[in-house]
1. Could you report the accessible area of Phe116 in Å², rounded to 10, computed with a 1.4 Å probe on the protein chains as they sit in the structure?
2. Using the Kirkwood radius over C-alpha pairs as Rh, can you work out the diffusion coefficient of the chain via Stokes-Einstein at 20 °C, viscosity 1.002 mPa s, in µm² per second?
3. Against the globular-protein guess of 2.2 N^0.38 Å, express the Cα radius of gyration of the range 116-213 as a ratio, rounded to two decimals.
4. Quickly work out the Ala175-to-Leu32 label distance, labels modelled 7 Å from Cα along the C-beta direction, and quote it in nm with one decimal.
5. Any idea what the relative contact order of the range 40-119 is, in percent, if you count C-alpha pairs under 8 Å spaced at least 6 apart?
6. Relative to the longest principal axis of the C-alpha atoms of the chain, give the angle of the C-alpha long axis of helix 82-99, reported between 0 and 90° and rounded to the nearest 10°.
7. Angle, helix 198-208 long axis vs. longest principal axis of the chain, Cα atoms, 0 to 90°, nearest 10?
8. Take the Cα coordinates of the range 30-95, assign each an equal point scatterer, and use the Debye formula without solvent to give log10 I(q)/I(0) at q = 0.15, 0.22 Å⁻¹.
Amino acid sequence: MPQQERARITRERVLEGAARVFARVGFAGASLSDITAEAGTSKGALYFHFTSKEHIARAIVDHEQNLAKESAATVIAAAASPLEAAMGLCGDFARLVASDPIIRAGVRLTSEAGEFDPPLTSPFEDWFVALEQMFSAAVATGQARADLDVRTFVRFAIPAFTGVQLVSGALTDYADFVQRVREMWLFLLPAVVTPERLGDVVAALDRVLPASA
């Protein structure tokens, strides 16, 4: 096997092993020995690619963001309205967290942002920008109330989504995350959607976040 290919495979093994460790015990609880044992690599191989535990963690968060952005682009392209896109993004991310160890590790590391210097803030900032654009478009197209303070709403909705995520992770290891996100939107929509459009928006929620059987 060419050396470059071996190096790529080793780097991926380190990231995947570190993701499992970080998802399980968090950044502070993880050690480089834990990561190398989980990845099945030596510390020398790890240090060939990464200078520190924080370097690995940031690489995981970057990878998680790239995966999430690729998936988000597909969701947005398929959405029939700004609010369907916003709800679909949340649902899609919830499914990724429940199924993908890299995404799950990135989420846990982001929730521990204060462990890093500088703190990991870009994932939250990306969500704020995306949802503010979508809800501004919803107001402009008459889906959302004309008097909606979009920025204030988004500053509430994203922490609410993060709280749902944390509680789902703690109580069910994310098994109920998708359904809890659906419930969150069912509570939020009547407060922000115009009455004449509420039925259509709930129908869109049913498409992107259907109720579990």
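1. Surface accessible to solvent at Phe116 totals approximately 10 Å².
2. For these conditions, the coefficient is 116 µm²/s.
3. Values: Rg = 14.8 Å, N = 98, 2.2 N^0.38 = 12.6 Å.
Against the compact-globule rule of thumb, the ratio is 1.18.
4. 3.8 nm
5. Worked out over the range 40-119, it gives 34 percent.
6. On a 0 to 90 degree scale, this one is about 30.
7. Around 30 degrees separate the two axes.
8. -0.61, -0.84
The values are calculated or read from the model by the stated rules, or taken from the named source; none is laboratory data. Because the structure is predicted, anything quoted here is derived from the model rather than measured. Every residue, glycine among them, receives a Cβ derived from its backbone with ideal geometry; neighbour counts consider all protein chains shown. Ligands, DNA and RNA are excluded from the accessible area calculation, which covers all protein heavy atoms including side chains. Shrake-Rupley method; radii C 1.70, N 1.55, O 1.52, S 1.80 Å.
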